[in-house]
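Written below as structure tokens is the structure these notes are about.
The values are calculated or read from the model by the stated rules, or taken from the named source; none is laboratory data. All values derive from a computational prediction rather than experimental measurement. Heads up, the Cβs are rebuilt from the backbone with ideal geometry, glycines too, and the neighbour counts pull from every protein chain shown.
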Amino acid sequence: MKTRRSAITGVGLVIALSFGVGGCNNATERAGTDATAPTSASPVDAVDSLAGALRKLDAETFKVTSKTGLDGPEFSGVVDPAAKKVSMKMDSNIGDPDMTVDFVQLGSAVYVKLAGDVELYSGTRMPAMPSKWMHIDAVDVEKGSTFSNMVDGDPAGVNDMIKAATSVERNGELGFTGTFDITKTPGTLGTVLKKFGEKSKAVPFNAKVDHQGRLTYVFINLSAVNSGFINGITATYSDFGTPVTIEKPTTDQTVEAPAEVVKAFAKTYD
């Protein structure tokens, strides 16, 4: 069986590999563990409750932010799951100049604008990109590709993480702790982390929900897999029910995405 991987480093879960191997590990401080004693709820109840918190993200609009490592790439955006509207911006210190990605989904259409030094997972550089918005058909965005989590309004890949959970426990009234098998998540990160053996099959995470049972916080502790991964991935969800108005890029400011962009961002490779 062939392993399918996304091509761009710096976007989605793949960005977790970009923040170096040195520095002080403060993953424990960032883990957001709830100090309240765990409840006696069964693991099955905990799994169902956390899965339910994810399903609630399909019910109303929200804002999302995600950060990788101490000084890694940052995402921020707004999602309207019912209308299939997503507006996301990524800022990364990868490359010189820094790489930025503006991403918009409106139904079946995806628009992306790139700036800065865009680097492929292979280490090669993308050619100069059009300065206009580039259009990609959403149906062409393959699962496990760079943009698949963004199309889902899930830049940190939390849905894939929960599906690959190997343990989930309650941690206080609103908290959860658990582990997941990152090798079972689509994209490059799980493939690369396989080399760390059993640790990659039990990556710790913490999560929190609000009093309405909606997911508000997730921390994925990659440093537990290897100390070279300083910290991990943090995602927060807020402003539920916020109005979402996303303007479609005008025709004169839009071009069809070049084949190399579609291949790198919307497709997976072996």
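Could you pull out every one of the strands (runs of 3 or more DSSP E) wholly within the range 1-112 that has 1 or more residues that are under 29 Å from residue 227 (Cα atoms), at pLDDT below 85 and touching a Leu at 6+ places or on another chain (Cβ under 8 Å)?
The qualifying strands (runs of 3 or more DSSP E) are 99-106.
One residue is enough: does the range 226-238 have a residue meeting the conditions under 25 Å from residue 58 (Cβ atoms), at pLDDT 95 or above and not charged (D, E, K, R)?
Checked the range 226-238: at least one residue is under 25 Å from residue 58 (Cβ atoms), at pLDDT 95 or above and not charged (D, E, K, R).
So which residues in the range 241-270 are of a type in the set (Ser, Thr, Tyr) and either assigned to a helix (DSSP H, G or I) or surrounded by 15 or more Cβ atoms within 10 Å (Cβ to Cβ) (or both)?
251, 254, 268, 269, listed by residue number.
Can you tell me which condition residue 233 does not meet? The list is (1) touching a Ser or Thr at 6+ places or on another chain (Cβ under 9 Å); (2) at positive phi, and all the others hold.
Tallying (1) touching a Ser or Thr at 6+ places or on another chain (Cβ under 9 Å); (2) at positive phi, residue 233 fails exactly one: (2).
Among the residues that make up the range 179-193, is at least one of them at pLDDT 85 or above, within 26 Å of residue 238 (Cα to Cα) and either within 15 Å of the chain's Cα centre (by Cα) or buried (at least 17 other Cβ atoms within 10 Å of the Cβ) (or both)?
Yes.
For residue 144, indicate whether it is in contact with a Ser or Thr (Cβ under 6 Å, 6 or more places away or on another chain), of a type outside the set (D, E, K, R), modelled with pLDDT of 85 or more and closer than 24 Å to residue 231 by Cα.
The answer is no for residue 144.
In this structure, is residue 209 more than 21 Å from residue 63 (Cβ to Cβ), at pLDDT 80 or above and crowded, with 19+ Cβ neighbours inside 10 Å?
No.
Surrounded by fewer than 20 Cβ atoms within 10 Å (Cβ to Cβ) and free of Cβ contacts under 8 Å to residues at least 24 places away in the same chain - does that describe any residue in the range 231-240?
So far as the range 231-240 goes, no, none of its residues is surrounded by fewer than 20 Cβ atoms within 10 Å (Cβ to Cβ) and free of Cβ contacts under 8 Å to residues at least 24 places away in the same chain.
As an exercise: evaluate residue 236 against (1) assigned to a loop (DSSP other than H, G, I, E, B); (2) out of contact with any Asp or Glu (no Cβ under 6 Å at 6 or more places or on another chain); (3) not aromatic (Phe, Trp, Tyr) and give the number of the one condition it does not meet.
All conditions pass for residue 236, except number (1).
Output the residues belonging to the range 197-228 that are among the charged types (D, E, K, R) and free of Cβ contacts under 8 Å to residues at least 12 places away in the same chain.
198
Select from the range 113-127 the residues that are among the aliphatic types (A, V, I, L, M) and modelled with pLDDT under 75 and write down the one among them that is surrounded by the fewest Cβ atoms within 10 Å (Cβ to Cβ).
Residue satisfying both the conditions and the ranking: 120.
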